[in-house]
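Peer 1: I'd like to ask you about the structure that follows.
The values are calculated or read from the model by the stated rules, or taken from the named source; none is laboratory data. Note that this is a predicted model, so its numbers are computed, not measured. Note: ideal-geometry Cβ built from the backbone for every residue, glycine included; neighbour counts use all protein chains shown.
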Amino acid sequence: MSPTERILKNISELYESGLGGSGESMGLKAVAEDPLIGVTCHKPRKRVSCMIIGNHSAGKSSFLNWYIGETIQKTGVAIETRGFSFLTSGRKREELKGDATLAYFDHLSEISQFEGINANLFTEVSTSKEKNFSCVDFIDSPGLVDGDMQYPFDVASCIVWMADYVDIILCFFDPIGQALCKRTVDVIKRLNVNHAEKMQYYMSKADQVETELDRQRVLIQITQNLHPHIKNSHAFNLPTIFLPNDSNQHLGIPNALEEVCEDIDKAIRMTVQKNLTALKEDCDRLIVRMDERIAEDKVTKKTNGKNRNYGLLLTLVSWGVLSTIAFLVFCAFYQQPFIQAGMGKLQSVAPEQAEQLAATAKMFQIQDSTTLQYVLAVLIGFYLVLFITTKMIWKSLPTLTKKEQTKIVEYKKFVKGMHKIRDDLYKEYFKQLNSDL
Ligand SMILES: Nc1nc2c(ncn2[C@@H]2O[C@H](COP(=O)(O)OP(=O)(O)O)[C@@H](O)[C@H]2O)c(=O)[nH]1
Ligand SMILES: [Mg+2]
């Protein structure tokens with residue numbers, strides 16, 4: 001396994017299964033998606049995606065066969081036979097069709113929105129270890145042609161849709177075919193809206209042009225036609241490439257085939273950097289969220305405490321009101337017998353005692369029953385208001401349990417540990433930059 005492949009794999013594993021790499025340990029993704037934390041986090045892909053576009057017969061499939069050192073992609077096929085063909089490295093040679101391809105590349109499942117596409121998706125799994133194939137997934141796109149050609153799906157829109165998911169797009173123009181057919185130009189134009197930085201252009205099958213003058217003419221013609229549709233056109237470069245064989249090796253035509261490989265390698269390096277950055281950002285995001293979660297919990301606990309105190313106070317007041325109501329009702333029912341008892345006693349006790357008894361009896365004497373009803377109504381109303389307010393205030397918001405708090409602390413330790421691993425991966429990445437990729 002090359003160092004780059006190992007780094008990409010390690011990053012992916014940190015998201016999947018965490019530090020130990022064993023099945024039981026939790027990955028960064030599972031930590032992030034624990035409802036306790038609730039952060040969405042995407043696992044970076046282990047491989048770089050490289051799409052090849054161009055007119056029919058531009059040499060796309062032949063280039064892929066050359067890259068992986070195996071004749072896997074059919075070449076020179078009839079126009080109407082192929083859809084999108086994925087080429088990926090695996091332990092066993094395998095061919096997948098339609099839905100199986102979507103299951104294999106599940107991040108692409110939404111491509112099904114394009115009518116007629118599913119039956120035109122293919123995957124070739126190859127065991128090749130050539131060049132950096134183990135770090136790249138290739139997407140061989142249907143050859144573009146003009147005229148009456150009926151595609152079973154909206155080919156231009158599918159290519160543009162796919163561009164969102166790829167890291168590099170190689171555009172092949174051959175000097176003889178319909179390099180600048182309307183469809184190709186339209187796709188290039190649309191891809192340049194959002195993906196200009198992913199695009200790399202080549203004049204393929206350059207060995208088919210015999211003289212240097214003709215080659216220059218073709219290059220100028222392609223450049224002029226593409227120029228208006230390309231962003232950063234001042235930096236536009238169209239290296240010539242061809243697949244070497246016994247008869248074309250000594251023609252003296254410049255062959256930038258190694259440059260294509262270097263462009264793919266560059267995309268791999270960019271992806272490693274992008275994934276390392278994503279790892280750091282995800283870790284930072286998670287730590288911020290965990291700190292927030294603890295801080296939020298502190299605030300909730302404080303609020304709950306405050307609410308409880310207010311609730312208690314209001315309950316005490318409402319109990320007071322309730323007792324007053326009870327007392328008044330008691331008086332209303334028992335004032336007559338009480339006064340009468342007092343009056344009866346008046347005659348048999350000493351005058352000063354009689355005065356005291358009379359005062360006590362008066363205290364309980366509520367003269368006007370309408371006033372009593374009014375007072376009672378107000379008090380009952382007040383009690384109800386207090387009761388409802390207490391119910392509203394004395395609400396306890398959910399807080400973290402001890403177990404949950406411990407879990408967050410452990411998560412935080414775990415995520416902080418990732419920083420160290422990431423630094424080590426970075427070191428490894430820089431080290432291998434000086435050697436071969
Ligand atoms: N002379 C020459 N022929 C090539 C080269 N690359 C591919 N071809 C031929 O061009 C034809 C179409 O190639 P293919 O890879 O099927 O093109 P695709 O339709 O873009 O996938 C095949 O017959 C290949 O053998 C090249 O660099 N030089
Ligand atoms: Mg092809």
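Peer 1: How about the stretch 56-72: which of its residues are part of a loop (DSSP other than H, G, I, E, B) and either touching an Asp or Glu at 6+ places or on another chain (Cβ under 6 Å) or within 6 Å of ligand 1 (Cβ to nearest atom) (or both)?
Peer 2: Residues of the stretch 56-72 part of a loop (DSSP other than H, G, I, E, B): 56-59, 69-72.
Hits for the stretch 56-72 are 56, 57, 58, 59, 69, 72.
Peer 1: Identify, from the list 255, 248, the residue that is touching a residue at least 40 places away in the same chain (Cβ under 8 Å), buried (at least 18 other Cβ atoms within 10 Å of the Cβ), within 16 Å of ligand 1 (Cβ to nearest atom) and not in a helix (DSSP H, G or I). Outline the logic, then answer.
Peer 2: Details: 248 fails: buried (at least 18 other Cβ atoms within 10 Å of the Cβ).
Only one candidate qualifies: 255.
Peer 1: When you scan the stretch 154-188, how many residues do you find that are hydrophobic (A, V, I, L, M, F, W, C), assigned to a helix (DSSP H, G or I) and either closer than 16 Å to residue 237 by Cα or in contact (Cβ under 8 Å) with a residue 40 or more places away in the chain (or both)? Before you say what the answer is, go through the steps one by one.
Peer 2: Step one: filter the stretch 154-188 for residues hydrophobic (A, V, I, L, M, F, W, C), giving 155-156, 158-163, 166, 168-173, 176, 179-181, 185, 187-188.
If we keep only those that are assigned to a helix (DSSP H, G or I) too, we end up with 155-156, 158-163, 185, 187-188.
Remaining after also requiring either closer than 16 Å to residue 237 by Cα or in contact (Cβ under 8 Å) with a residue 40 or more places away in the chain (or both): 158-159, 161-163, 185, 187-188.
Residues meeting the conditions: 8.
Peer 1: Also, quick follow-up: Go through (1) in contact (Cβ under 8 Å) with a residue 40 or more places away in the chain; (2) buried (at least 18 other Cβ atoms within 10 Å of the Cβ) one by one and return the number of the condition residue 149 breaks.
Peer 2: Single failed check for residue 149: (2).
Peer 1: Could you tell me whether residue 170 is within 16 Å of ligand 1 (Cβ to nearest atom), at pLDDT 95 or above, buried (at least 16 other Cβ atoms within 10 Å of the Cβ) and among the hydrophobic types (A, V, I, L, M, F, W, C)? Before the answer, list the steps.
Peer 2: Working: within 16 Å of ligand 1 (Cβ to nearest atom): yes; at pLDDT 95 or above: yes; buried (at least 16 other Cβ atoms within 10 Å of the Cβ): yes; among the hydrophobic types (A, V, I, L, M, F, W, C): yes.
So residue 170 passes the test.
Peer 1: Could I ask something else about it? Do you know which of the residues in the stretch 210-240 that are within 17 Å of residue 257 (Cα to Cα) and touching a residue at least 40 places away in the same chain (Cβ under 8 Å) is farthest from ligand 2 (Cβ to nearest atom)?
Peer 2: So in the stretch 210-240, the residues within 17 Å of residue 257 (Cα to Cα) come out as 215, 219, 237-240.
Right, trim to touching a residue at least 40 places away in the same chain (Cβ under 8 Å) and you get 215, 238.
On the way: 215: 23, 238: 21 Å.
If we take residues in the stretch 210-240 being within 17 Å of residue 257 (Cα to Cα) and touching a residue at least 40 places away in the same chain (Cβ under 8 Å), then 215 is farthest from ligand 2 (Cβ to nearest atom).
Peer 1: Next question, about the same structure. Tell me, yes or no, whether the stretch 15-25 has at least one residue that is out of contact with any Pro (no Cβ under 6 Å at 6 or more places or on another chain), away from ligand 1 (no atom under 16 Å from the Cβ) and in a helix (DSSP H, G or I).
Peer 2: Going residue by residue through the stretch 15-25, those that are out of contact with any Pro (no Cβ under 6 Å at 6 or more places or on another chain) are 15-25.
Within this subset, residues satisfying the condition of being away from ligand 1 (no atom under 16 Å from the Cβ) are 15-25.
Adding the requirement that they be in a helix (DSSP H, G or I) leaves 15-16.
Looking through the stretch 15-25, at least one residue is out of contact with any Pro (no Cβ under 6 Å at 6 or more places or on another chain), away from ligand 1 (no atom under 16 Å from the Cβ) and in a helix (DSSP H, G or I).
Peer 1: Let me ask something else. Which number in (1) more than 8 Å from ligand 1 (Cβ to nearest atom); (2) among the small types (Gly, Ala, Ser); (3) surrounded by 22 or more Cβ atoms within 10 Å (Cβ to Cβ) marks the one condition that residue 78 misses?
Peer 2: (3)
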